[in-house]
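Student: Mind having a look at this structure? Questions to follow.
The values are calculated or read from the model by the stated rules, or taken from the named source; none is laboratory data. Computed from a prediction, not measured in an experiment: that's the story for all the values here. All Cβ positions, glycine included, derive from the backbone under ideal geometry; neighbour counts span all protein chains shown.
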Amino acid sequence: MIRQFGWNEFELLLFAARWTIVLALIAFVGGGIGGLIVALLRTADNRTARAAMVVFIRVFQGTPLLMQLFLAYFGMAIFGFSVNPLIAAMIALTAHASAYLGEIWRGCIQAVPRGQTEAATTLGLHYFARMRYVVLPQAARIAVPPTVGFLVQLLKETSLASIIGFVELTRQGQIITSVTFRPFLVYGLVAALYFAMCWPLSLGARRMERGLARGTQR
Amino acid sequence: MYSFNFAPVFAQFGRLLDGAAVTMALSCGAMALGLVISVICAPARTSHIVPLRWLVGVYVEVIRNTPFLVQIFFIYFGLPAVGISFNPNPAALVALTINVGAYGTEIIRAGIESIHWGQVEAGIALGLGRVQIFRYIILKPALRTVYPALTSQFIFLMLTSSVVSVISATDLAAAGNDINSETFASFETYIVVTAMYLAMSTILAAFFTAVQRMAFRYPQGR
């Protein structure tokens, strides 16, 4: 029996979109913490720490997120945890976001003129005070537009969690397609919902970028 | 304690290599076709003809703000409803091409915008034709500017192409899925597949850097 696509089905898609947002937020917060650590170690004086972060970033930026999700998913079973698609997706997306944000923020930290660090050192500030009060506030200003841009990428990439069986927007679309047989309509709507979430962010990122470019013109 | 067993995976290594060849073929094909789209769409994105500008704008924004997975579902499962159907591999190529075309358009447009207008005026003053101005004064220097962005986009495309395994295309990730379902050595299979993707992206990155050093040295007077 073929179910009609009606208001109920659309509502199911909307509810599933909330999971997409939740997943993206978890990954963004986790990736933000991880990314800050990666960026700080990547710009540290310690050579070993720097090299380790180069490898970390290379591995996570050089392999497909889909494979990272599979490894997290099947890896959980191997290390004796019960397999849970949400946890696996959280782990993979957080590590993935840490690598990308770490690389973005490394660039922002390095864009702060060296003289700032030197002046802070001269004033007797130690590493944490130097970072907290001098370098990071200046880096944060230029970091906002690319970070928001990455958030768009992350929101889209949460769709891959559907492949390991987590029911978010894309998976819900598949489920509804399999009972209504309206793939054109359903996937069109799913795409429209993603667009509604991502486009405002993209526009915001672009506007901020332009504002920043104007602000730093000489 | 789990004991790793890579033997059944390496026994099937030939199939993984075949899959890797399909992954490379899809990525290169999509990149080549996507570049054609980009070079056509980039000038149209800033065209005086409003409907054209809007059309390209909608294409670029829609593709860049929706997940590739949904795009490929739409193309492979959705389009047959309106009478357009593909086999898995061609569908994968079409989806990847449309996807990278949108990103490429933005990259090329940024490159074109980086060209100072005075250069074009100099070209006009020298009596160059419209096509010549576009080719020598806009496109070529713009390509040099956008080369790093384009090549990292290509590597990103190659990694993204793993998603086409969900519509049963025959790429590297799909070969991994097949071996996984036959051997049940899931973790080992995906470790090997992931390592192969890493090798491919690392080699490509090194290759592109070498090409950049050779091909895009700034012309110097003698």
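Student: Please state which of the following conditions residue A:91 fails to meet, knowing it meets all the rest: (1) β-branched (Val, Ile, Thr); (2) in a helix (DSSP H, G or I); (3) modelled with pLDDT of 95 or more; (4) over 15 Å from the mean Cα position of the chain (by Cα).
Tutor: Result: residue A:91 passes all but (4).
Student: Name the single residue that is farthest from residue B:107 (Cα to Cα) among those in segment B:55-72 being more than 8 Å from every other protein chain (Cβ to nearest Cβ) and in contact (Cβ under 8 Å) with a residue 24 or more places away in the chain.
Tutor: B:72
Student: While we're looking at this one, here's another question. Restricting the search to segment B:155-183, which residues are small (Gly, Ala, Ser), under 21 Å from residue B:87 (Cα atoms) and without any contact (Cβ under 8 Å) to a residue 24 or more places away in the chain?
Tutor: B:165
Student: May I ask you to list the residues in segment B:165-178 that are surrounded by 23 or more Cβ atoms within 10 Å (Cβ to Cβ) and at the interface with chain A (Cβ under 10 Å from one of its Cβ atoms)?
Tutor: The answer is B:165, B:172, B:173, B:176.
Student: Quick one: would you say residue B:136 is surrounded by fewer than 19 Cβ atoms within 10 Å (Cβ to Cβ), more than 14 Å from chain A (Cβ to nearest Cβ), within 21 Å of residue B:43 (Cβ to Cβ) and under 18 Å from the mean Cα position of the chain (by Cα)?
Tutor: Considered against the rule, which asks whether it is surrounded by fewer than 19 Cβ atoms within 10 Å (Cβ to Cβ), more than 14 Å from chain A (Cβ to nearest Cβ), within 21 Å of residue B:43 (Cβ to Cβ) and under 18 Å from the mean Cα position of the chain (by Cα), residue B:136 comes out as no.
Student: Of the numbered conditions (1) over 21 Å from residue B:158 (Cα atoms); (2) within 14 Å of another protein chain (Cβ to nearest Cβ), residue A:31 fails exactly one; give the number of that condition.
Tutor: (2)
Student: Moving on to the next point. Out of contact with any His (no Cβ under 6 Å at 6 or more places or on another chain), within 14 Å of another protein chain (Cβ to nearest Cβ) and at pLDDT 95 or above: does that describe residue B:75?
Tutor: Against the criterion (out of contact with any His (no Cβ under 6 Å at 6 or more places or on another chain), within 14 Å of another protein chain (Cβ to nearest Cβ) and at pLDDT 95 or above), residue B:75 qualifies.
Student: Please work out which one of (1) within 30 Å of residue A:134 (Cβ to Cβ); (2) loosely packed, with under 15 Cβ neighbours inside 10 Å is the condition residue A:56 fails and give its number.
Tutor: The number of the failed condition is (2).
Student: Filter segment A:161-203 for residues that are aromatic (Phe, Trp, Tyr), crowded, with 19+ Cβ neighbours inside 10 Å and more than 8 Å from chain B (Cβ to nearest Cβ) and give the result.
Tutor: A:166 - this is the single residue of segment A:161-203 that is aromatic (Phe, Trp, Tyr), crowded, with 19+ Cβ neighbours inside 10 Å and more than 8 Å from chain B (Cβ to nearest Cβ).
Student: Give the number of residues within segment B:1-55 that are of a type in the set (Phe, Trp, Tyr) and part of a helix (DSSP H, G or I).
Tutor: 3
Student: Now for a separate question. Would you check which residues across segment B:97-114 are in contact with a Leu (Cβ under 9 Å, 6 or more places away or on another chain) and more than 13 Å from chain A (Cβ to nearest Cβ) and list them?
Tutor: Residues satisfying the conditions are B:97, B:100, B:101, B:104, B:107, B:108, B:111, B:112.
Student: Looking at (1) surrounded by 17 or more Cβ atoms within 10 Å (Cβ to Cβ); (2) part of a helix (DSSP H, G or I); (3) hydroxyl-bearing (Ser, Thr, Tyr), can you tell me which one residue B:181 breaks?
Tutor: Among (1) surrounded by 17 or more Cβ atoms within 10 Å (Cβ to Cβ); (2) part of a helix (DSSP H, G or I); (3) hydroxyl-bearing (Ser, Thr, Tyr), residue B:181 violates only (1).
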